[in-house]
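To keep things clear, I will list the structure first and then write my remarks on it.
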Amino acid sequence: INATDEQGHLETVYYDIPVVDDVSPIIDILTPTDQSKHKSGSLTLSYYTTDNNVVWYLDEILQGSIENNSIVNIPEGDNHNLTVVATDLSGLTGTCTIFISVDSTLPIVQIDSPVNGSFINLLNICSS
């Protein structure tokens, strides 16, 4: 604050105004999407956040800090929970969790009939 008297003398006083941050960061996972199924566990994790201090968890185990659009490796299995947490300078946090599945096993196809190498006699053939 600056004050000047009638003779032109200037006095400056500094005063700190405390600012209370009571708003948690916003964070939202953009990809992969919730309940999605993937044939490969190597996925790009992209998110929107209002703070840049972000860590991620896989099945509630801390994996470490992560940058937006990073590759994450998810093991084979159903319903893994992937969580990102943003923390601001006041220590407030925002959290987003999704559930994803990875299945890289190819399906098994079995044809029981007709038997391999057999012939089929079709008596009625309809055509339109």
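Report the residue, chosen from 27, 66, 17, that carries the largest GNM mean-square fluctuation when the chain is represented by alpha-carbon nodes joined by springs under 10 Å.
17
Using a simple spin-label model with points 7 Å from Cα along the Cα→Cβ vector, what separation in nm is obtained for residue 79 and residue 99?
0.5
Label point 7 Å out from residue 68 along Cα-to-Cβ: which residues of segment 20-49 have amide N under 11 Å?
Once the point is set 7 Å along Cα→Cβ of residue 68, 28, 30, 46-49 turn out to lie under 11 Å by backbone N, inside segment 20-49.
Given [x] -0.64, -1.10, -1.16, -1.29; [y] -0.55, -1.16, -1.21, -1.31; [z] -0.49, -1.29, -1.37, -1.49, which label gives log10 I(q)/I(0) by the Debye sum over Cα atoms at q = 0.12, 0.20, 0.21, 0.23 Å⁻¹ as computed from the coordinates?
Comparing each candidate, only [x] matches the computed number.
So what's the net charge close to residue 40: Lys and Arg +1, Asp and Glu -1, counting the other residues with Cβ under 13 Å from its Cβ? All intermediate terms of the calculation are to be shown ahead of the outcome.
On the way: positive: 37, 39; negative: 76, 103.
With Lys, Arg at +1 and Asp, Glu at -1, the neighbours total 0.
Considering the dipole of the chain built from charges on the beta carbon (Lys and Arg +1, Asp and Glu -1) around the Cα centre, which of 110, 47, 68 is farthest to its positive end?
110
Enter the accessible area per residue of segment 4-124 (Å², integer; probe 1.4 Å; all protein chains in place).
On the way: 9260 Å² over 121 residues.
Per-residue accessible area for segment 4-124 comes out at 77 Å².
Please check: in the Gaussian network model of the chain (C-alpha springs, under 10 Å), which one of 76, 60, 11 has the largest mean-square fluctuation.
The residue with the greatest mean-square fluctuation here is 11.
Which of 31, 12, 93 moves most in a GNM of the chain, Cα contacts under 10 Å?
12
Could you give the nm distance between label points at residue 48 and residue 34, where each point is 7 Å from its Cα heading toward the beta carbon?
Going by the 7 Å Cα→Cβ label model, 1.5 nm.
The values are calculated or read from the model by the stated rules, or taken from the named source; none is laboratory data. Quantities reported herein were computed from a predicted structural model and do not represent experimental measurements. Glycine gets a Cβ as well: all are built from the backbone with ideal geometry, and neighbour counts include every protein chain shown. Side chains included, ligands, DNA and RNA excluded: accessible areas come from the protein's heavy atoms. Shrake-Rupley method; radii C 1.70, N 1.55, O 1.52, S 1.80 Å.
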